[in-house]
Amino acid sequence: MATDSSSIDLYIYDDVEGNSMSWMGEVIESETSANYIKRQLENAGDVKNINIYINSYGGEVKEGLGIFNLLKRNSAYKTAYIDGFACSIASVIPMACDKIVMGCNALMMVHHASMGCFGNVEELRKSANDLEVIDSASCSSYLAKAGDKLTQEKLTTLLDGQTWLNATQCLEYGLCDEIAGQEDTTITEAKQRFSQSIKGEMDLIQKKEEEAIVEVPKEFAIQKTNAEKLMMIWNKNNLKKI
């Protein structure tokens, strides 16, 4: 974690998981758990910006949803950076952020939740039903971020296929807002429209100026030419006298 008075940097650079125990019974603290992220945010105090960097295969849904909601209810402006992989629950966490930036070669993988289970028919059936409920939690997070760029039907197809998405596809589906190193096309288009508007205004002004020029009547033009000729003759004669 890195922090200053106005921002904090958080890293999910490993599997998302809670604390574990060593073979000697000692607690091994996870730096990708919801509790760890909670403490970092509390220690940082009131910051204006939260930057979270992600490179993870995923992990425990419990921890991931905890991190998601810790971020979601924080009033700071939140930016997620997908530096490598954002798989499984690690792809849900950034959906809590105001802005998601993906590296040009970063990848996101979405799939249905999975779990190990054993038991009789009823117990196995209940496990399947439970997984559907868990799935719905992830789906709501994706859809809320994507808005009208991603339908429930399309998302289900992606989940069914355990789909890997590159940065361009994520941008298309609304699962990221920007590809690092590429200028936002909306900004580029706005600049182009502004430039065209200014050029159009300048062309119109020039046209009006040209139309406002008063044409000199032909007889006046002839008189002016004759006067110039007389002046040339006068100057020539006077120069001879000098």
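The values are calculated or read from the model by the stated rules, or taken from the named source; none is laboratory data. In this text, all values refer to a predicted model and were calculated from it rather than measured experimentally. Don't worry about glycine lacking a Cβ; one is built from the backbone with ideal geometry, like all the others, and counts go over all protein chains shown.
Being among the β-branched types (V, I, T) and crowded, with 21+ Cβ neighbours inside 10 Å is a condition met by at least one residue of segment 12-23.
Of these, N69, N55, N43, N51, which one is at pLDDT 95 or above, at negative phi, assigned by TED's automatic domain parsing to the domain that holds C170 and part of a helix (DSSP H, G or I)? Let's see the steps before the verdict.
On the way: N55 fails: part of a helix (DSSP H, G or I); N43 fails: at pLDDT 95 or above; N51 fails: part of a helix (DSSP H, G or I).
When all the criteria are applied, what remains is N69.
Number of residues in segment 54-99 that are of a type in the set (F, W, Y) and over 14 Å from the mean Cα position of the chain (by Cα): the value is 3. For the criterion of being in contact (Cβ under 8 Å) with a residue 40 or more places away in the chain, out of contact with any Leu (no Cβ under 8 Å at 6 or more places or on another chain) and closer than 19 Å to S91 by Cβ, S141 passes. Please determine whether any residue of segment 51-61 is surrounded by 13 or more Cβ atoms within 10 Å (Cβ to Cβ), hydrophobic (A, V, I, L, M, F, W, C) and under 21 Å from D160 (Cβ atoms). Taking every residue of segment 51-61 in turn, at least one turns out to be surrounded by 13 or more Cβ atoms within 10 Å (Cβ to Cβ), hydrophobic (A, V, I, L, M, F, W, C) and under 21 Å from D160 (Cβ atoms).
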